[in-house]
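*Asks:* One structure is given below, represented as structure tokens, and several questions about it will come after.
The values are calculated or read from the model by the stated rules, or taken from the named source; none is laboratory data. None of these values were measured; they are calculated from a predicted model. Note that we place each Cβ from the backbone using ideal geometry, even for glycine, and neighbour counts take in every protein chain shown.
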Amino acid sequence: MNVEILARLQFAFTIAIHYVYPPLSIGLGLILVLMEGLFLKTKKPIYHKMTQFWVKVFALTFAIGVATGIVMEFEFGTNWATYSRYVGDVFGSALAAEGIFAFFLESGFLAILVFGWDRVSPNVHFFATLMVSFGSTLSAVWIVVANSWQQTPAGFHIVGQGLNARAEITDFWAMVFNPSSMDRLFHVVVGAWMSGAFLVTSVSAYYLLKMRHIDFAKASMKIGLTVAVFASCLQLFLGHRSADGISRNQPAKLAAYEGHFDSTKPMDLYLLGYVNEASGQTSGIKIPGMGSFLLYGDTTKPVRGLNDFALQDRPPVARVFQTYHLMIAIGMALIGLSLISAFLCLRGTLWKNTLMLRILVLAVLGPQLANQLGWFSAEMGRQPWVVYNLLRTSDALSKAVKANQVLGSLIMFGLVYSLLLALFVFLLDQRIKEGPVDDGDGPSPESQSIEAILAEKGLDV
């Protein structure tokens, strides 16, 4: 493999592993605010114990997220020197803002959140929880702004020529509020809420299946399902808004999403299918004209297709098509699952519905897969541009780095990141098996004394 493929694989691998943790941090941050807020309002100990339990999970997620995120900033300089020079003024400003305004805010209050239970007042601790949650979301703001600028550049001009060309900011707020940033930001943040919500419901379902920490699990499940229903339904609307923006700003990406080639025809909406890039044909199960209807309210209106773009300017259509549709399929399944689970919860039958509880345990993987697939489709859909219509990915590479050097570091990162992921799963599993401390459910059957068991049977000792 050549340097470009290896460098792209390395960055894709590291960011894919890293992207497991920030969505969980953002989603759990919101849920911690809800749990601790309910404790302050109701004074019920169960909410206090819930907050304490999930704070430990949040701290673990935050720590591994920081460890896996540091490497990517160095990859910009080692593998993508031309890119770094070109976007340094823009990307550097956003990353600096993320570090100064978000990371330090989040990490500064994290110590109070984790260790301040008996050292500060409840109101001060709740304020720390709010700041940590806000900081984790603010961090996403600047990262998404930086990435969105690459998708839809704005508020800049180009100085220099050739290898010395670089983008300079002329309007900071135009750069921040570039045409795609807000739609993409809301889409990412709500996806993160789903990650946190389905982690909470998964753990709660596990406890209910094991008949452990029943009161804790029921209370956690109600909060998790509330966030899951709200976030998953909202995501449907935000996804539509994002696609609408893509139709205006990146028409080749939208055409790749639906495998749409012919600009003289309306765009169909595929439920599943297969793209033959060589023949320019897409086959599968589709709703004719529905893509045009969602964009323009008219099933007969033509949509610009891939045939309007030169072959070298098209994204890898088949991969973009499949990742996009898998993301949609998982998202729709999560909407259905959250609504059905919430309905059963309201009826009081969810707690003993073994099938639904088992599905909820596994559903924790759904938002993670959807987030990853959405990121892949968005980034591959931008190709062959690293900065849309300005800098090609093939031109953004470092000129001095060799293929064997990138391969060696890819293998090394593969081992280290895999170990970190395994460590995270192991520690999370240990934390879940330990469960909440003194959850108020009374002794479990296996811990009951002989006297208590005999008393239950009406025998005196």
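*Asks:* Given the residues M267, M290, which is the only one that is more than 24 Å from I340 (Cβ to Cβ) and surrounded by 23 or more Cβ atoms within 10 Å (Cβ to Cβ)? Steps first, answer last, please.
*Replies:* On the way: M290 fails: surrounded by 23 or more Cβ atoms within 10 Å (Cβ to Cβ).
Of M267, M290, the one residue that is more than 24 Å from I340 (Cβ to Cβ) and surrounded by 23 or more Cβ atoms within 10 Å (Cβ to Cβ) is M267.
*Asks:* Taking the stated definitions as given, is S195 within 15 Å of the chain's Cα centre (by Cα) and of a type in the set (S, T, Y)? Show your work before the answer.
*Replies:* Numbers: within 15 Å of the chain's Cα centre (by Cα): yes; of a type in the set (S, T, Y): yes.
It is true that S195 is within 15 Å of the chain's Cα centre (by Cα) and of a type in the set (S, T, Y).
*Asks:* Which ones in the stretch 26-36 are within 9 Å of F58 (Cα to Cα) and in contact with a Gly (Cβ under 6 Å, 6 or more places away or on another chain)?
*Replies:* Selection gives L28 alone.
*Asks:* So, one more: Going by what's in this entry, would S139 be described as crowded, with 22+ Cβ neighbours inside 10 Å and modelled with pLDDT of 90 or more?
*Replies:* Details: crowded, with 22+ Cβ neighbours inside 10 Å: yes; modelled with pLDDT of 90 or more: no.
Judged against the criteria, S139 is not a match.
*Asks:* Mind checking which pairs have a first residue in the stretch 77-104 that is within 14 Å of V141 (Cβ to Cβ) and part of a helix (DSSP H, G or I) and a second that is polar (S, T, N, Q) and modelled with pLDDT of 80 or more, Cβ under 7 Å, 6 or more apart or different chains?
*Replies:* These pairs meet every condition: E98/S139; A102/S139; F103/S139.
*Asks:* Does any residue in the stretch 1-24 that is closer than 23 Å to R392 by Cβ come within less than 6 Å, Cβ to Cβ, of a residue that is of a type in the set (F, W, Y) six or more places away or on a different chain, and which pairs are these?
*Replies:* Partner pairs satisfying both residue conditions: T14/F413.
*Asks:* Considering (1) of a type outside the set (K, R); (2) part of a loop (DSSP other than H, G, I, E, B); (3) surrounded by 15 or more Cβ atoms within 10 Å (Cβ to Cβ), say which one Q368 fails and leave the rest.
*Replies:* For Q368, the failing item is (2).
*Asks:* Can you list residue pairs whose Cβ atoms sit under 8 Å apart, with the first residue in the stretch 330-349 being surrounded by 18 or more Cβ atoms within 10 Å (Cβ to Cβ) and at pLDDT below 95 and the second being of a type in the set (K, R) and assigned to a helix (DSSP H, G or I)? Count only pairs 6 or more apart in sequence or on different chains.
*Replies:* Between residues of the stretch 330-349 that are surrounded by 18 or more Cβ atoms within 10 Å (Cβ to Cβ) and at pLDDT below 95 and residues that are of a type in the set (K, R) and assigned to a helix (DSSP H, G or I), the close pairs are C345/K222.
*Asks:* Among G29, G69, which is the only one that is more than 30 Å from P153 (Cβ to Cβ), assigned to a helix (DSSP H, G or I) and touching a residue at least 40 places away in the same chain (Cβ under 8 Å)? Step through it out loud before you land on a result.
*Replies:* Details: G69 fails: more than 30 Å from P153 (Cβ to Cβ).
Among G29, G69, only G29 is more than 30 Å from P153 (Cβ to Cβ), assigned to a helix (DSSP H, G or I) and touching a residue at least 40 places away in the same chain (Cβ under 8 Å).
*Asks:* Residues of the stretch 389-409 being crowded, with 19+ Cβ neighbours inside 10 Å and under 30 Å from L185 (Cα atoms), which ones?
*Replies:* Listed by number, the residues that qualify are L391, A396, L397, S398.
*Asks:* Right, here's the next one. Looking only at the stretch 31-46, count how many residues are surrounded by fewer than 22 Cβ atoms within 10 Å (Cβ to Cβ) and either on the phi < 0 side of the Ramachandran plot or touching a Lys or Arg at 6+ places or on another chain (Cβ under 6 Å) (or both).
*Replies:* In the first step, residues of the stretch 31-46 are kept if they are surrounded by fewer than 22 Cβ atoms within 10 Å (Cβ to Cβ); the result is 33-34, 37-46.
Checking which are either on the phi < 0 side of the Ramachandran plot or touching a Lys or Arg at 6+ places or on another chain (Cβ under 6 Å) (or both) leaves us with 33-34, 37-42, 44-46.
Adding up the residues that qualify gives 11.
*Asks:* Taking the condition of being over 19 Å from G284 (Cβ atoms), in a helix (DSSP H, G or I) and among the basic types (K, R), how many residues in the stretch 312-339 meet it? Spell out the reasoning first.
*Replies:* Just the residues of the stretch 312-339 that are over 19 Å from G284 (Cβ atoms), to begin with: 312-314, 334-339.
If we keep only those that are in a helix (DSSP H, G or I) too, we end up with 312-313, 334-339.
Those left that are additionally among the basic types (K, R): none.
Within the stretch 312-339, residues that are over 19 Å from G284 (Cβ atoms), in a helix (DSSP H, G or I) and among the basic types (K, R) number 0.
*Asks:* Another question, if that's okay. On the basis of being part of a helix (DSSP H, G or I) and modelled with pLDDT of 90 or more, does L130 make the cut? Walk me through it before giving the result.
*Replies:* Working: part of a helix (DSSP H, G or I): yes; modelled with pLDDT of 90 or more: yes.
So L130 passes the test.
*Asks:* For the stretch 1-30, which positions are over 19 Å from W375 (Cβ atoms) and of a type outside the set (D, E)? I'd like the intermediate steps shown before the answer.
*Replies:* Just the residues of the stretch 1-30 that are over 19 Å from W375 (Cβ atoms), to begin with: 1-4, 6, 28-30.
Scanning the stretch 1-30 gives M1, N2, V3, L6, L28, G29, L30.
*Asks:* From the set of residues in the stretch 67-101 that are of a type in the set (A, V, I, L, M, F, W, C), crowded, with 16+ Cβ neighbours inside 10 Å and touching a Ser or Thr at 6+ places or on another chain (Cβ under 8 Å), which is farthest from G27 (Cα to Cα)?
*Replies:* A81
*Asks:* So which residues in the stretch 365-405 are over 15 Å from L6 (Cα atoms) and in contact with a strand residue (DSSP E or B) (Cβ under 8 Å, 6 or more places away or on another chain)?
*Replies:* P384, W385, V386, V387, L390, L391, R392
*Asks:* As an exercise: evaluate D313 against (1) under 21 Å from V189 (Cβ atoms); (2) touching a residue at least 40 places away in the same chain (Cβ under 8 Å) and give the number of the one condition it does not meet.
*Replies:* Every condition holds for D313 apart from (1).
*Asks:* Looking only at the stretch 347-406, which residues are β-branched (V, I, T) and within 27 Å of E75 (Cβ to Cβ)? First the steps, then the outcome.
*Replies:* Residues of the stretch 347-406 β-branched (V, I, T): 349, 354, 359, 361, 364, 386-387, 393, 401, 406.
Correct list: V386, V387, T393, V401, V406.
*Asks:* For residues that are touching a Leu at 6+ places or on another chain (Cβ under 9 Å) and either closer than 27 Å to L357 by Cα or free of Cβ contacts under 8 Å to residues at least 40 places away in the same chain (or both), tally how many sit in the stretch 175-188. Reasoning before the result, please.
*Replies:* Filtering the stretch 175-188 down to residues touching a Leu at 6+ places or on another chain (Cβ under 9 Å) leaves 183, 186-187.
Still in the running and either closer than 27 Å to L357 by Cα or free of Cβ contacts under 8 Å to residues at least 40 places away in the same chain (or both): none.
The qualifying residues number 0.
*Asks:* Sort out which residues of the stretch 297-338 are among the basic types (K, R) and touching a Pro at 6+ places or on another chain (Cβ under 7 Å), and write them in order of number. Spell out how you get there, then give the answer.
*Replies:* First, pick out the residues of the stretch 297-338 that are among the basic types (K, R): 301, 304, 314, 319.
Scanning the stretch 297-338 gives K301, R304.
*Asks:* Among the residues of the stretch 104-122, is there at least one that is in contact with an Asp or Glu (Cβ under 6 Å, 6 or more places away or on another chain) and among the β-branched types (V, I, T)?
*Replies:* Here is the first cut: in the stretch 104-122, the ones in contact with an Asp or Glu (Cβ under 6 Å, 6 or more places away or on another chain) are none.
The answer is no, given that none of the residues of the stretch 104-122 is in contact with an Asp or Glu (Cβ under 6 Å, 6 or more places away or on another chain) and among the β-branched types (V, I, T).
*Asks:* Also, I was wondering about something else. Go through the stretch 402-461 residue by residue and tally those that are part of a helix (DSSP H, G or I), farther than 18 Å from M211 by Cβ and either of a type outside the set (D, E, K, R) or modelled with pLDDT under 85 (or both).
*Replies:* Looking only at the stretch 402-461, we keep the residues that are part of a helix (DSSP H, G or I), and these are 403-434, 445-447, 450-456.
Now restrict to residues that are farther than 18 Å from M211 by Cβ: 403-431, 450-451, 454-455.
Within this subset, residues satisfying the condition of being either of a type outside the set (D, E, K, R) or modelled with pLDDT under 85 (or both) are 403-428, 430, 450-451, 454-455.
Total meeting the criteria: 31.
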